[in-house]
1. I want to confirm something. Restricting to the stretch 169-220 and keeping residues that are within 10 Å of the ligand (Cβ to nearest atom) and part of a strand (DSSP E or B), which single residue is nearest to ASP144 (Cα to Cα)?
2. Taking the stretch 138-168 as the region of interest, how many residues are in a strand (DSSP E or B) and either within 16 Å of the ligand (Cβ to nearest atom) or under 15 Å from ASP111 (Cβ atoms) (or both)?
3. Identify all residues within the stretch 180-213 that are of a type outside the set (Val, Ile, Thr), open to solvent by 30 Å² or more (accessible area, probe 1.4 Å) and on the phi < 0 side of the Ramachandran plot; write none if there are none.
4. Only residues that are in a loop (DSSP other than H, G, I, E, B) and either among the acidic types (Asp, Glu) or more than 28 Å from ILE146 (Cβ to Cβ) (or both): list them for the stretch 221-244, please.
5. So if I check each of ILE176, ILE156, which one is closer than 21 Å to ARG198 by Cβ and of a type in the set (Val, Ile, Thr)?
6. Scan the stretch 289-296 and tell me whether some residue there is part of a loop (DSSP other than H, G, I, E, B), in contact with a strand residue (DSSP E or B) (Cβ under 7 Å, 6 or more places away or on another chain), on the phi < 0 side of the Ramachandran plot and open to solvent by less than 60 Å² (accessible area, probe 1.4 Å).
7. Does ARG34 satisfy the condition of being within 15 Å of the ligand (Cβ to nearest atom), free of Cβ contacts under 8 Å to residues at least 40 places away in the same chain and open to solvent by 10 Å² or more (accessible area, probe 1.4 Å)?
Amino acid sequence: MITRFAPSTTGHAHPGTLLSALLTWLSARAVGGRVVLRLENLDPQRCRPEFDQAMIDELTWFGLNWDEIVHQDRRTADHETALDRLAETGLLYPCSCSRARLKEIGRAAPDGGYAYDNRCRHQPLPIGGWRACAEPLRVRLPGDAISFTDESGMIIQQTPARDMGDPVVRRRDGAIAYHLACVVDDAAMHATHLIRGRDLAPSAPVQMVLQRLLDLPTPTYRHHFLLLEKSGGKLAKFHQSVAVPELKRTYSAEALCGWLAFITGLRDTPGAVRPSELIATFDWSLVRTEDLGVSWDGSVLAAVS
Ligand code: GLU
């Protein structure tokens, strides 16, 4: 097994980050596999360089180690080769459609955003190719319908070209967009298994179609439960309330790991434990499948039902 934990470095690690990192790490370590930390730092609006190091330090503090650490902004050559390839096959096109336009069309996409109607599909690249293009670039997807059951038993069905629309692969600010960077980097590290939160399940089909276009292998997918918090009256992914710097004032790494292992189903009691002590008994059949509400009262994390 070769897998990776791929946090966006938009802030400090929070309990949801640690949960996902722990489950990914244990999956690999339990079978003697390889696990890479990939820092997804390509978004210039949201990522800050100091969060790369903060993420490394906070995951190390928590008790995780990595066979390799990859900074995604050092992978530009491979990302550009993929764009060259898509351009050569005539699939890359410029598109300046605004988010406001997609909102106006108003077709909900499976990932919670708005679907794109593929309007600019027939726009040619300028003379000079994609490098000479100042507009965002999208890739024309074939109409493949994707339907599969992931390792957790989740049924995932989507026709990305229709349900999401052609994805942006290079943004207006020049940054390589998530789906393209993700499939190129997963293939370069020979990832065999992707383990990530259920919120990313709608990303799997579009990534699978991109893998087909680029002749890249498709790994096995597993999606795990999420920690949720009350936000404006509804439940959202738990990530605003508290992050590691504040958690450290109350929790030792072992106490935090013990609590996470307990709510996850890996231990019967919430006593302190190190991640390495969970390897021997790790089994996905122990891991809860339902999302879990969590609260932070300024000093203690608690599960809320
Ligand atoms: N960087 C993405 C995130 O933090 C996850 C990417 C992935 O695991 O594919 O949500």
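1. LEU194
2. Within the stretch 138-168, the first condition is being in a strand (DSSP E or B), and the residues that meet it are 138-139, 146-149, 155-158, 168.
Add one more test, that the residue is either within 16 Å of the ligand (Cβ to nearest atom) or under 15 Å from ASP111 (Cβ atoms) (or both), and what stays is 146, 156-158, 168.
Qualifying residue count, the stretch 138-168: 5.
3. Initial filter on the stretch 180-213 (of a type outside the set (Val, Ile, Thr)): 180-182, 185-191, 193-194, 196-205, 207-208, 210-213.
Subset that is open to solvent by 30 Å² or more (accessible area, probe 1.4 Å): 188, 190, 193, 198-200, 212-213.
ALA188, HIS193, ARG198, ASP199, LEU200, ARG212, LEU213, listed by residue number.
4. Of the stretch 221-244, the ones in a loop (DSSP other than H, G, I, E, B) are 225-226, 232-233, 238-243.
Those that are in a loop (DSSP other than H, G, I, E, B) and either among the acidic types (Asp, Glu) or more than 28 Å from ILE146 (Cβ to Cβ) (or both): GLY232, GLY233, PHE238, GLN240, SER241, VAL242, ALA243.
5. Details: ILE176 fails: closer than 21 Å to ARG198 by Cβ.
Among ILE176, ILE156, only ILE156 is closer than 21 Å to ARG198 by Cβ and of a type in the set (Val, Ile, Thr).
6. Going residue by residue through the stretch 289-296, those that are part of a loop (DSSP other than H, G, I, E, B) are 289-291.
Within this subset, residues satisfying the condition of being in contact with a strand residue (DSSP E or B) (Cβ under 7 Å, 6 or more places away or on another chain) are 291.
The next check asks that each one be on the phi < 0 side of the Ramachandran plot; those that pass are 291.
Going one step further and asking which of them are open to solvent by less than 60 Å² (accessible area, probe 1.4 Å), we end up with 291.
Within the stretch 289-296, one or more residues are part of a loop (DSSP other than H, G, I, E, B), in contact with a strand residue (DSSP E or B) (Cβ under 7 Å, 6 or more places away or on another chain), on the phi < 0 side of the Ramachandran plot and open to solvent by less than 60 Å² (accessible area, probe 1.4 Å).
7. Values: within 15 Å of the ligand (Cβ to nearest atom): no; free of Cβ contacts under 8 Å to residues at least 40 places away in the same chain: yes; open to solvent by 10 Å² or more (accessible area, probe 1.4 Å): yes.
So ARG34 fails the test.
The values are calculated or read from the model by the stated rules, or taken from the named source; none is laboratory data. Treat the numbers as computed from the prediction; the structure is a model and nothing was measured. Reconstructed Cβ throughout: ideal geometry from the backbone, glycine too, with neighbour counts over all protein chains shown. With ligands, DNA and RNA removed, areas are computed over all heavy atoms of the protein, side chains included. Shrake-Rupley method; radii C 1.70, N 1.55, O 1.52, S 1.80 Å.
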